[in-house]
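Data block below; observations after.
The values are calculated or read from the model by the stated rules, or taken from the named source; none is laboratory data. Here the structure is a predicted model, which means the values were calculated and not measured. All Cβ positions, even for glycine, are placed from backbone atoms using ideal geometry, and neighbour counts span all protein chains on display.
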Amino acid sequence: MRIFSKENEIFSLARQSRLLPNVFFTLLIFILITIISNLFMLPLSFIIKPTSYARSLSGQATSFAVKLLLSFGSTILAFFLWVKVIEKRSIQSMGFTKGNILNKYLRGFIIGFLMMTSSVLLMALLGMIEFESGSPSTQGISALGGIFIVLIGWLVQGASEEIMLRGWMMPVIGARHNVPLAIFISSSLFGALHLANNNVTVLSVVNLVLFGVFAAFYVIWEGSLWGICALHSAWNWTQGNLLGLEVSGMNTSGGILLNLKTKGPDIITGGLFGPEGGLIETLFLSIGIVILIILIQRKKYIQVNT
């Protein structure tokens, strides 16, 4: 199968839509849906206030998980409604195809975990990782309860960005125009969405675009969205709550298993942006992209199953 074939499952499913806007209208629709979903969250931010319960670790974890659930869950709902009501096609046609769902999800989760832990392990071998002191009640084995509560929020957060970009935007542009343009636009937008993050750098944006390209090829290879949703969530959860590092410039809450911090040149480690801002992650993402390209080229058949 050609790597940029419009006959791939994910683009074939998008052609079920009664509306395939051109790239400019696709970007406009994306912006409008995102704004509307964020406006929906405004009244909830006034209703939901921190309580004394949030002072405990489990309370902090629950508060952080709820924040992720509501903010990113509203985005998922908005795109689902657009596809169902306006485009008149099934949610499954966004890449949530039937068949081996659990296997695809678990495989993606494991890959995301391994990619992040491997990059941090390489930094450790280079002497660029050290342990940081902290409260025993918020780290280590005693924090596992909170760590797994937060995972629920990460599962929604990771899925939301994949639904927006690899489940909707990329297939629509690919089906209407061509696959390289779809990958370029969706990946570049993924990087641009993080421009306002704390401690952002040019290299961190480049790496986020590379992650977008990696995610695009993963979806093309698998022919569904299940695996990349899990991979994205595992990537963030591992980085923030298992390893205690910043996630795209954001400090996580709810407990950490290993309280690590980077040392050495920020251009290699990512510094305060987290591993995604360093050359180590550039290396791993580049290797991942090459592997996926090889896997796609070896794929022998296409099966659309909704």
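Got a sec? Which of Ala215, Ala175, Ala196 is without any contact (Cβ under 8 Å) to a residue 60 or more places away in the chain and farther than 23 Å from Ala65 by Cα? Lay out the reasoning, then the answer.
Numbers: Ala175 fails: without any contact (Cβ under 8 Å) to a residue 60 or more places away in the chain; Ala196 fails: farther than 23 Å from Ala65 by Cα.
Answer to the check: Ala215.
Could you grab me the full set of residues in region 95-111 that are over 23 Å from Leu151 (Cβ atoms) and either hydrophobic (A, V, I, L, M, F, W, C) or buried (at least 21 other Cβ atoms within 10 Å of the Cβ) (or both)?
Residue satisfying the conditions is Thr97 alone.
Test each condition in (1) exposed (fewer than 12 other Cβ atoms within 10 Å of the Cβ); (2) assigned to a helix (DSSP H, G or I); (3) modelled with pLDDT of 90 or more; (4) over 21 Å from the mean Cα position of the chain (by Cα) for Ile31 and report the one that comes out false.
It is condition (4) that Ile31 fails.
Test Glu132 against the criterion of being charged (D, E, K, R) and modelled with pLDDT under 95, and give yes or no. Break it down into steps so the answer makes sense when it comes.
Working: charged (D, E, K, R): yes; modelled with pLDDT under 95: yes.
Spelling it out, Glu132 is indeed charged (D, E, K, R) and modelled with pLDDT under 95.
For region 160-229, which helices (runs of 4 or more DSSP H) that fit wholly inside it have 2 or more residues that are over 13 Å from the mean Cα position of the chain (by Cα), within 22 Å of Ala78 (Cβ to Cβ) and of a type outside the set (Phe, Trp, Tyr)?
It comes to 170-176, 179-192.
Mind checking whether some residue in region 171-186 is farther than 20 Å from Asn8 by Cβ and touching a helix residue (DSSP H, G or I) at 6+ places or on another chain (Cβ under 8 Å)?
There is no residue in region 171-186 that is farther than 20 Å from Asn8 by Cβ and touching a helix residue (DSSP H, G or I) at 6+ places or on another chain (Cβ under 8 Å).
Answer with yes or no whether Ser133 is touching a Phe, Trp or Tyr at 6+ places or on another chain (Cβ under 7 Å) and over 30 Å from Leu13 (Cβ atoms).
So Ser133 does not fit the description; no.
Quick check on this structure: which one of Leu151, Leu122, Leu144 is exposed (fewer than 13 other Cβ atoms within 10 Å of the Cβ) and either in a helix (DSSP H, G or I) or free of Cβ contacts under 8 Å to residues at least 60 places away in the same chain (or both)?
Details: Leu151 fails: exposed (fewer than 13 other Cβ atoms within 10 Å of the Cβ); Leu122 fails: exposed (fewer than 13 other Cβ atoms within 10 Å of the Cβ).
Testing whether each residue is exposed (fewer than 13 other Cβ atoms within 10 Å of the Cβ) and either in a helix (DSSP H, G or I) or free of Cβ contacts under 8 Å to residues at least 60 places away in the same chain (or both) leaves just Leu144.
Hey, among the residues in region 56-113 that are of a type in the set (Lys, Arg) and closer than 28 Å to Leu39 by Cβ, which one's nearest to the chain's Cα centre (by Cα)?
Lys67
From the list Val179, Val209, Val219, exactly one residue is closer than 24 Å to Arg89 by Cα, surrounded by fewer than 24 Cβ atoms within 10 Å (Cβ to Cβ) and of a type in the set (A, V, I, L, M, F, W, C). Which is it?
Numbers: Val209 fails: closer than 24 Å to Arg89 by Cα; Val219 fails: surrounded by fewer than 24 Cβ atoms within 10 Å (Cβ to Cβ).
Of the residues listed, the single one that is closer than 24 Å to Arg89 by Cα, surrounded by fewer than 24 Cβ atoms within 10 Å (Cβ to Cβ) and of a type in the set (A, V, I, L, M, F, W, C) is Val179.
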